[in-house]
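Here's the structure we're looking at; comments come further down.
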Amino acid sequence: MCIIGDKLYVANSGGYLTNRYDSTLSIVDLNSFAEEKIVVGLNPTRVRKDGQNHLWVCCQGNYGKVKPSVVVLEEQEIVKRIPIACSNISIQGTMAYIIDNTNRRLQAISTIDYSEQPQTIDISSMEHPYGLLTTGEAIYITDAKNYVSSGVLYCFGYDGALHWSALTGDIPGHL
């Protein structure tokens, strides 16, 4: 979920039932609680806003025929569809940091012109990159490992250098 002004934006993924994936984003007016829906892409899971009040939506696809993507919206209109297998997204300044599970890397994309930056962080050694948080000082990524044992929290610099790591509890998904 994400709030911009007096609107609440909610990704409607449809849950874990593969034959019931949704493809909409609900927009709720916080004054009247009226809801409208717009189609963004199959299985939307994450919604983030950038400094220009654009929405970035991770659409997981159906893990088969419909490929995942990141959709950027301005004023409820799609302005860009980026073909990245996004499992999580965090925005810091003018950059969107996206966990790309297909290429097993953290990609940085400009929120101004939507161009990929040449610098990425290789996270191919992680089993299941899951949680993501960017701050002014560092990038934090969690590895859920096998989803039944302790995970790991990693702290990277924006230059891609690993600063430290620490064990977490099971399935560390949110920061």
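The values are calculated or read from the model by the stated rules, or taken from the named source; none is laboratory data. Note that the coordinates shown come from a computational prediction; the quantities given were computed from them, not determined experimentally. So basically every Cβ, Gly included, is an ideal-geometry build from the backbone, and we count neighbours across all protein chains shown. Keep in mind that these areas ignore ligands, DNA and RNA; they rest on the heavy atoms of the full protein, side chains included. Shrake-Rupley method; radii C 1.70, N 1.55, O 1.52, S 1.80 Å.
For this structure, a couple of remarks:
- Counting charges near THR142 (Lys, Arg +1; Asp, Glu -1) among other residues having Cβ under 12 Å from its Cβ returns a value of -2.
- Relative counts (whole %) of C-alpha pair distances in the range 72-113, using bins that are 5 Å wide: 6, 22, 28, 27, 14, 3, 0
- Solvent exposure ordering (accessible area, 1.4 Å, most first) of ILE3, ILE27: ILE3, ILE27
- Rounded percent of accessible protein surface that carbon and sulfur make up, the chain, 1.4 Å probe: 50 percent
- Surface accessible to a 1.4 Å probe, LYS37 within the full protein complex, Å²: 120 Å²
- Seen through its C-alpha gyration tensor, with square-root eigenvalues sorted a ≥ b ≥ c, the range 49-120 comes out oblate because a/c lies at 1.5 or above while a/b is not bigger than b/c.
- Those GluC sites (Glu not before Pro) in the range 60-117 that DSSP places in a loop and that have at most 10 other beta carbons within 10 Å: GLU75
- Summarising the label geometry, the points placed 7 Å from Cα in the beta-carbon direction at GLU116 and HIS128 lie 2.6 nm from one another.
- Lysine pairs in the chain with Cα atoms under 22 Å, if 8 or more residues apart or on separate chains: 9
- Rel. contact order, % - alpha carbon contacts under 8 angstrom, at least six apart, the chain: 11 percent
- Cα gyration tensor shape of the range 1-62, rounded if a/c is under 1.5, else prolate or oblate by comparing a/b with b/c: oblate
- Longest segment of the chain lacking chymotrypsin sites (Phe, Trp or Tyr not before Pro) that sit in a DSSP loop with at most 13 other Cβ atoms within 10 Å: 64-146
- For q = 0.09, 0.10, 0.20 Å⁻¹, Debye-computed log10 I/I(0) when each Cα of the range 23-175 counts as one equal scatterer: -0.30, -0.36, -1.27
- Centre separation in Å (Cα based) which lies between the range 155-175 and the range 53-101: 22 Å
- Taking all protein chains into account, the per residue accessible area for the chain stands at 52 Å² (1.4 Å probe).
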